[in-house]
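S.K.: To start, I am sharing the structure in question, which I have written as structure tokens.
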Amino acid sequence: MMGLLRHLPWVYLMIVNVFEFFAMYLDKKRAEKKRWRVPEFDLLFIGIIGGGIGGLLAQQLFHHKTRKLRFYFFFIFGTLVAIAIICFSYQG
């Protein structure tokens, strides 16, 4: 059981980053078609709870939300959150 719990932070970060990546992709495609968009709050929230790496990667690959500085700040902060999650998961 302890072995499974040890991997839980990695599983969480993988899920949240993949989700952020595809949410950014979906938002970009919908923006191109002038359709309903993913709310910015949702993209920022997912980014800040650990999905920063997925957000930064999606920004660069899809050229999406690159002019909005707050997205960089939230995604960088979310990357720091991910690093903290990993560091604290190895304590004890």
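The values are calculated or read from the model by the stated rules, or taken from the named source; none is laboratory data. Source: prediction; values computed, not measured. As a convention, Cβ positions derive from the backbone with ideal geometry for all residues, glycine included, and neighbour counts pool all protein chains shown. Note: accessible area is taken over every heavy atom of the protein model, side chains too, but ligands, DNA and RNA are not part of it. Shrake-Rupley method; radii C 1.70, N 1.55, O 1.52, S 1.80 Å.
S.K.: Ranked from highest to lowest mean number of other Cβ atoms within 10 Å per residue, what is the order of the peptides 73-84, 31-42? Numbers along the way, then the final one.
M.R.: Numbers: 73-84: 18.2, 31-42: 10.8.
Per-residue Cβ counts within 10 Å, averaged per peptide and sorted highest first, yield 73-84, 31-42.
S.K.: In debye, nearest 20: dipole of segment 1-91 around its Cα centre with unit charges on the Cβ of K, R (+) and D, E (-)? Could you put the intermediate results ahead of the total?
M.R.: Working: 12 positive and 5 negative charges, 99 e Å.
My answer is approximately 480 debye.
S.K.: Additional query: Taking a probe of 1.4 Å, how large is the accessible area per residue of the chain, in Å²?
M.R.: On the way: 6350 Å² over 92 residues.
Counting only protein heavy atoms, the per-residue value for the chain is 69 Å².
S.K.: How many angstrom separate the Cα center of segment 46-92 from the Cα center of segment 1-44?
M.R.: 11 Å
S.K.: In deg cm²/dmol, rounded to 500, what helix-only [θ] at 222 nm does the chain give when every DSSP H run of at least 4 residues adds -39500 (n - 2.57) and the total is split over its residues? Could you put the intermediate results ahead of the total?
M.R.: On the way: 4 runs with 70 residues, N = 92.
The per-residue figure over the chain is -25500 deg cm²/dmol.
S.K.: Please tell me the relative contact order of the chain in percent, rounded to the nearest whole number, where contacts are Cα pairs under 8 Å and at least six residues apart.
M.R.: Working: 101 pairs, mean separation 29.0, N = 92.
Averaging sequence separation for qualifying contacts and normalising by length gives 32 percent for the chain.
S.K.: Using a 1.4 angstrom probe on heavy atoms only, work out the carbon and sulfur share of the accessible area of segment 25-89 in %. Walk me through the numbers before you get to the answer.
M.R.: On the way: 2890 of 4120 Å².
Ligands and nucleic acids excluded, carbon and sulfur give 70 percent.
S.K.: What do you get when you divide the Cα radius of gyration of the chain by 2.2 N^0.38 Å, with N the number of residues? Please report the intermediate quantities before stating the final value.
M.R.: Working: Rg = 14.3 Å, N = 92, 2.2 N^0.38 = 12.3 Å.
Rounded to two decimals, the normalised Rg is 1.17.
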